[in-house]
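A.B. asks: Here you go, one structure.
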Amino acid sequence: MKLLLVNFSDTDLPELKISHEFLHDGVSSILQASEKFMLYEYDCLVIKIDKIEVECYSWLRHLSENNRNEGLILLSSNDALENKLSAFELGVDDYLVLPMHPEEIIARIKSVTRRKKFQSNSKIYIGNIVIDLYARTVFVWDHPLKLTKTEYDILLHLHANKHRVVSKELLAEYLWGDDVDNLESFNILFAHIKNLRKKLVNSKSGVEIKNVYKVGYQIIEL
């Protein structure tokens, strides 16, 4: 899971333990956030803001009208009802009043992301594969399929984008964030996909990761 953290307030973002929980990019302006959106894909946009100013209002409205798939969460110390109603009218998925325990913030981020991507289902089905999002387990029929964290993330991300081809660049950036710039090649990604494919075949999953030549990868049901 990858977040874009946007801080429009004068105080620091609360400690989310994101270094352990999420990949993330951090910005402090609408221009920076817009540039990030043009370059990368995110699962959730987390904005810390004290008051929704006109410029921010227009930007949030733009995001909502363009039917983006990212979750959208506002963090604010302002608990005024007017502020909350304005946020929800703009299409915000959740409004969290600070201070709030970091573990609850993390749980709310995960909940919003799951709801946006998988319509609140705790389990998703790909052919005869069952993925339990809470337990992070994968079964083919009733048999457990042991995947590494990276293999699991690849499978889930390709399923979330099942109607399009995901390029190797975007997939690598999703998995490793800005650290992808330190990769000398995509060989490590190719190795993970090869191992995942082998496990899907050996388990008779009925699901294939298709390599679209010079474009990227797409998950299909056989």
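A.B. asks: Return the residues of segment 194-222 that are hydrophobic (A, V, I, L, M, F, W, C) and closer than 13 Å to Val140 by Cα; say none if nothing qualifies.
C.D. replies: Within segment 194-222, Leu200, Val201, Val207 qualify.
A.B. asks: Which residues, counting only those in segment 63-79, are over 20 Å from His24 (Cα atoms) and modelled with pLDDT of 80 or more?
C.D. replies: If the condition is that a residue be over 20 Å from His24 (Cα atoms) and modelled with pLDDT of 80 or more, then Ser77, Asn78, Asp79 are the ones that fit.
A.B. asks: Out of segment 129-164, which residues are loosely packed, with under 15 Cβ neighbours inside 10 Å and on the phi < 0 side of the Ramachandran plot?
C.D. replies: If the condition is that a residue be loosely packed, with under 15 Cβ neighbours inside 10 Å and on the phi < 0 side of the Ramachandran plot, then Asp132, Tyr134, Ala135, Asp142, His143, Pro144, Lys146, Thr148, Lys149, Lys162, His163, Arg164 are the ones that fit.
A.B. asks: Next question, about the same structure. Can you pull out every residue in segment 78-102 that is over 20 Å from Lys116 (Cβ atoms) and either in a helix (DSSP H, G or I) or in contact (Cβ under 8 Å) with a residue 60 or more places away in the chain (or both)?
C.D. replies: Leu81, Glu82, Asn83, Leu85, Ser86, Leu98, Pro99, Met100, Pro102
A.B. asks: Test Leu171 against the criterion of being closer than 28 Å to Phe37 by Cα, in contact with a His (Cβ under 8 Å, 6 or more places away or on another chain), surrounded by 14 or more Cβ atoms within 10 Å (Cβ to Cβ) and in contact (Cβ under 8 Å) with a residue 12 or more places away in the chain, and give yes or no.
C.D. replies: So Leu171 passes the test.
A.B. asks: In contact with a helix residue (DSSP H, G or I) (Cβ under 6 Å, 6 or more places away or on another chain), touching a residue at least 24 places away in the same chain (Cβ under 8 Å), surrounded by fewer than 19 Cβ atoms within 10 Å (Cβ to Cβ) and outside any helix (DSSP H, G or I): is that true of Ile106 in this structure?
C.D. replies: No; evaluated as a whole, the condition is false for this residue.
A.B. asks: Ser185 - would you say it is touching a residue at least 40 places away in the same chain (Cβ under 8 Å), farther than 23 Å from Asp43 by Cβ and either part of a strand (DSSP E or B) or not assigned by TED's automatic domain parsing to the domain that holds Asp25 (or both)?
C.D. replies: no
A.B. asks: Something else about it: Kindly evaluate Cys44 against the criterion of being under 30 Å from Val180 (Cβ atoms), modelled with pLDDT of 85 or more and not assigned by TED's automatic domain parsing to the domain that holds Ser167.
C.D. replies: yes
The values are calculated or read from the model by the stated rules, or taken from the named source; none is laboratory data. For clarity, every value in this text was computed on a predicted model and none was experimentally measured. In this analysis, Cβ positions are derived from the backbone assuming ideal geometry, glycine residues included, and neighbour counts consider all displayed protein chains.
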